[in-house]
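All remarks here apply to the structure that follows.
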Amino acid sequence: MLDSSAKLYDRIVFHSAWCGMALSSSSNSSDSSSHSSSSSSRESGLGTTDSGTAGQTILWVQDIKEQAVGGKALGLRKLMQWGLNVPPAFVLVNAEVGNHPDDLAAFYQQMGEGKVAVRSSAIGEDGDDSSFAGLYETILNVEGLPALTLAIDQCVQSLNSLRASAYQEDQHIDTSQMCVQMCVVVQRMVDANSAGVLFTVDPVSGRHDRLVIDAVTGLGEALVSGEQTPDHYEYDRAGQLVYSELLDKQAILSDAQQQQLILQARQAENGAGDALDMEWAIDAKGDLYWLQARPVTTIGSDLNELDTPLKADDVLTRCNVGEMMPGASCPLTFSTTGRGIEHGMQHMHVSYASRPEITEEWTQLAMSHGKLFLNLSGAAAAAATVLGIDVKSLGHSVCGGIVEGLKDPAKKAWWIRLGGSIKLLRYLRNADSVISEFTQRAEHFCLPTAGDSRSMTTALEQAQPFLYEAMAVHLQSSTTSGFASNILQGIISGGQESTPEEEAEAANLMAGATGVESAVLVEQLDQVVEQISGHEDVKEKFLNTTSAEALTWLNSEASDKNAKTFQTFLQRHGHRGYRELCMRETGWADAPEDLVKTMQASVNAYISGVVASTKPDGVELESLSRALRWILPKAHNAVRRREATKSLLVSITNRFKQSYRALGFQLESEGLLDDADLVFFFTQKELCHYVLQRSTGNDSIVAWNKKAKKRRIALEFQNRLNFDEISVGLPKPIDVRGLVSATDGDLVGRPVSLGIVEATARVALSVSEAAALQPGEILVAPITDVGWTPYFSMISGLITDVGSAVSHGAVIAREYGLPAIVNTRVGTQRIKTGDRIRLDANTGKVTIL
C-alpha cells in the first residue's frame, strides 16, 4: 500500500509543485491565522499603490481587477470570488530585483509581520495550456522585512532560470514575442494541522467522474521531501468514496473534513467551468484554507463526453464489436463508422424484426468512455417478433455463452413471429444478390483528396449514406455466416449445449474453407516473405536495419523481384491494416513502413527455420453425416462471403480515411487547424458545422482547436481503460487496484483451431507490442485483426480474450494449422510474458506450467 502511494506521489504531487504550498508549523503565526480573505484594503487603510518605481504596483489580492498579475495571484483572487477561504495576501506587479515598492513595509506590517510565503506569479504561469509547476521560486517561512526583500528578489531571478527556459523550449513557448514579467505574491502562512492537494478530476486515469484528495499531517513540505506518504481518497460525482489508501488505520482527515473539501472544490470547479488542481490546508482550529487553484493542464476532455444515452437495465458487451473496433474510437470514427454499425443493425431489424424505420437513436450500439459496445438489449428486441431468436442463442452467438441479466422481450403472437422468421430467411437468401449489386457500385465510388475544405467536407457528408450501406451489406453477409455456423455447431452437438470437444470439431470442419479473402492475404504475404528471405542481402538490407531503411531497399531495383512482388501485394491488400475501421488509422498502402516492421519479424522467423505449421488437410465430405455434408459447403461459402464483404467495407472505409486525412492537411493550410490530425477529433456533424458554417472570428478557431486537442489527450486515457465482458447500464472501468489475482486453475476458452502446443507466452496488448515476438512463442492478445497477420507465420499458437469461430484470429489460425483458443476473457490478465504454457485447443484449456 505504501509503495503504491509513493508512486502516486511521484506522478501527481511532484507534478503539482508542492514546493509552492504556503504552509507553516510555526506557533508564531497562530495569532494571524484568524485573518482571512475577508480582510480588505479598506480595513487595512492600504489600497492599490503606485510605488513610484517604473511599472511597479502593489495591491491586495482581493483588489485585483483587470491587472496582469500572473497565474498564482489571479488564482487566489478567483478562489475569493468563488466564496472560498483564502489567507490574506498582496501581490507585487512587475517586480524587479533590488527595486521594491515604497509601501512594501506598510503592506507587510498590515499583514501582521509574521511568517509569510513568497511565491512567484509570472505572466503565463498556471495557465490553461502550461502550468510551469514548480519551475519558478517559492520561499516559505519568510519572516522580517530584510528576508522578505531577499525572497522577492529570488522569485524575480527565477524567471530566467535554466529549468524555466528548458520548460519553455519543451512546451514550444515563444517568449521572444512576449512581454515577460514576474509578479510576486506575499501570503500569510497557515499553521497547518493537515494539508494536501485536491484534483477535481483524476489526473492518472483521466476520469472526470472522480475527485482525488491527497492529505498529510502538518506541512506539505513533508510530502515533497518524501518524509510522509499521503492518505489517498477518490470520490465519485455523488460524493461517495470509491477507493482509498490510508497510511495508518486512522485516516488523517475526518469524514466531515473530506466532505467539506469536496463541497468547496465542486463550488470552485463550477465557478471556473473547468477541472482544477487545488492546494489546501486545515489549521489547528479546524479552519479550511485554500492556497492555490490552477487548471489541470495535463488532462483531456471528459472521457464520457460523447457517451450515448442508456437505460439502467441495458445489457452491453464489448464482444464482437471489440474485434471490429479494438481500443477507443476517436470522435470522427464514432460518428461515421459507429453510426454505420448502428444504421446497419437497425436495417437488419427493419428487414425482418418489425422495426418500423431507421432512426437517429442509438439502440444497437453504445459509446461509453470512448469505447464502442453492442447493446444486447436492443439486439434482443428481435426475439419478440422472430421465431428461433432468443437471448440464449444471442448470447452464444455474440459472447460464446449465456449472458446473465439479458432478458427476453415480451413475445408477440406466434403468427407474427412466424412471419418474422420468413422475413429472416428471405433476408439471408437475398444476401448474394445484394452483395453483387453493391460491389458493382462500389467499384466506381471515390472521394476527393484535393480541393478546398468546403468542397471536400461537402463531398464527405454526401457520401455518408454509402458508408452506412456498406456496413449494412457486410452485416447481412455476416448474418448468413453466423447462421450457417450455428447450424453446423447445432448438428454436431445434437441441439444441446456444445462441449469444448464439439466446438473443436466444428472448428476443424471450418478449417477446410478455401478462397477466404483473409486466408488469401496470408498466402500472398507468405510468398512475399519467402521471396525476400531468399535474397543474398536480406540480413544487411532488410533485417539488420530500421523499417524505413528496409522499405527503401524493398522498393529499390537492388531488391530484384521483391519490389514488384511487394507492390502487387499492396495493390490487392493495401487498404488493410491495424484497426481497419478507425478513420484515424492508415492502411498498409499509405503507411507501408508499419507492414514492413511486422514483415521483418516474419522474415527473421523464416530464415531461422521457425515457421508455422502447414495448413491442415481438408475434410473428406464422404466421411460426414448427411446433415453435415449438406451444411458444411454452405458454411464455407458463408465465411468466404463474410470475409469478402469485410474487405470491401474496409476498402470503402479506406477511401474515407484518405479523404479525411487530405481534408485535415487542407484545413491546416487554411489556418483552421493547428495540425492535420485534429480533424479526427471532430464528429462528422461538428466538422460540417465548423467548415461549412464557421465563424470567421479567431476566437472560434482557437476554441475548436483547443477542444479537439483536449479530446486527443482524452483518447490516450480512454485507450488504457478495460471493462468487464458484460455490463448492465453505464459500463464501469475495471480498477485493477481492487482485483485479487486469480492464479489457480486452467483458463478455459473456445477452441477454434485444433492442436496442442507447449511454449513460451508473449502477451501483446497492441500490434506494436507484438513486434517483440520471438519465433515459436504463443501469442496472447486481447483480439487480433488483419494488422496482426504477418506475425502468424512465426507463432506456435494463439490465445485471445475475445473472439468466435469466425473471427479473424480463428480464420488465420486454421489457415496456418495453429492451435488456437479464443474468448478466454482474462488471458492477457492471467498470463505473463515469459510464462511457459500449454495450449490444448482440443479441449479449450490453457495451463500455466
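Some notes on this structure:
- Percent carbon-and-sulfur accessible area, the chain, ignoring ligands, DNA and RNA, probe 1.4 Å: 50 percent
- Segment residue 710-residue 627, length gained on full extension (0.36 nm per residue, minus Cα span): 24.2 nm
- Straight-line reach from residue 65: taking Cα to Cα under 23 Å and skipping same-chain neighbours fewer than 8 places apart, the lysines in range are 78.
- Taking Cα centre as origin and charging only the Cβ of basic (Lys, Arg, +1) and acidic (Asp, Glu, -1) residues, the dipole magnitude of the chain rounds to 2920 debye.
- Region 317-450 - percent relative contact order, Cα under 8 Å, separation 6 or more: 23 percent
- Simple Cβ-charge dipole of region 192-323, Lys/Arg +1 and Asp/Glu -1, about Cα centre, in debye nearest 20: 160 debye
- On Cα atoms only, tilt of 592-608 relative to the major axis of the chain in degrees: 60 degrees
- Principal-axis tilt of helix 414-429 within the chain, Cα atoms, nearest 10 degrees: 80 degrees
- Region 510-607: C-alpha gyration tensor shape, a/c 1.5 cut-off, then a/b vs b/c: oblate
- Cα extents of the chain along the three principal axes, largest first (Å): 104, 65, 57
- Whole-Å distance, taken between Cα centres, linking region 224-289 and region 639-718: 39 Å
- Listed pairs 371/706; 541/646; 646/685; 311/392; 564/597 exceeding 24 Å between Cα atoms: 541/646; 646/685
- Cα-centred dipole magnitude for region 698-849, charges only on beta-carbon of K, R (+1) and D, E (-1), debye, nearest 20: 620 debye
- DSSP beta bridges in the chain [antiparallel fraction, %, rounded to 5]: 90 percent
- On full extension, the segment bounded by residue 461 and residue 237 gains 76.9 nm, given 0.36 nm per residue less the C-alpha separation.
- Taking every alpha-carbon pair under 8 Å whose residues sit at least 6 apart, the chain reaches a relative contact order of 12 percent.
- The chain - mean residue ellipticity at 222 nm from DSSP helices (-39,500 (n - 2.57) per run, n ≥ 4, rounded to 500): -12000 deg cm²/dmol
- At an R0 of 35 angstrom, the distance between the Cβ atoms of residue 266 and residue 772 translates into a FRET efficiency of 0.20.
- When the Cα convex hull of region 664-798 is projected onto planes of every orientation, the mean area is 13.2 nm².
- Between region 585-599 and region 457-506, the Cα center-to-center distance that results, in Å: 28 Å
- Positive-end ranking of 238, 792, 90 along the dipole of the chain, with charges on Cβ about the Cα centre, is headed by 792.
- Label-point gap, in nm, between residue 244 and residue 454 - each point 7 angstrom along Cα→Cβ: 6.0 nm
- Percent of Cα pairs exceeding the 18 Å cut-off, where the set is region 393-506: 69 percent
- Efficiency of FRET between residue 150 and residue 274 - r from beta-carbon atoms, R0 35 angstrom, step 0.05: 0.45
- Between the residues 684, 653, 664, the greatest Cα displacement towards the positive end of the dipole of region 623-710, with unit charges on the Cβ of Lys, Arg, Asp and Glu, is found for 653.
- Unit charges at the beta carbon, dipole of the chain: most positive-side option, 442, 370, 625: 625
- Accessible area of residue 252 in the full protein assembly, 1.4 Å probe (Å², nearest 10): 40 Å²
- Tensor-based shape of region 536-693 (alpha-carbon gyration tensor, a/c under 1.5 rounded, otherwise prolate or oblate): oblate
- FRET efficiency for residue 418 and residue 68, using Cβ-Cβ distance with R0 set to 56 Å, rounded to 0.05: 0.15
- Alpha-carbon centroid distance for the pair region 399-437 / region 766-843, whole angstrom: 32 Å
- Against the chain, whose longest principal axis comes from its Cα atoms, helix 698-719 is set at around 60 degrees.
- Taking region 198-314 and dividing mean pair separation by its residue count, relative contact order in percent (alpha carbons under 8 Å, at least six apart): 25 percent
- The length gained on full extension between residue 392 and residue 693, counted as 0.36 nm times the residue separation minus their Cα-Cα distance, comes to 103.5 nm.
- Considering all C-alpha pairs of region 264-422, those separated by over 27 Å amount to 43%.
The values are calculated or read from the model by the stated rules, or taken from the named source; none is laboratory data. Keep in mind that this is a model prediction, so the values were computed, not measured. Ideal geometry is used to build each Cβ from the backbone, glycine not excepted, and the neighbour counts take in all protein chains shown. Heavy atoms of the whole protein, side chains included, go into the accessibility calculation; ligands, DNA and RNA do not. Shrake-Rupley method; radii C 1.70, N 1.55, O 1.52, S 1.80 Å.
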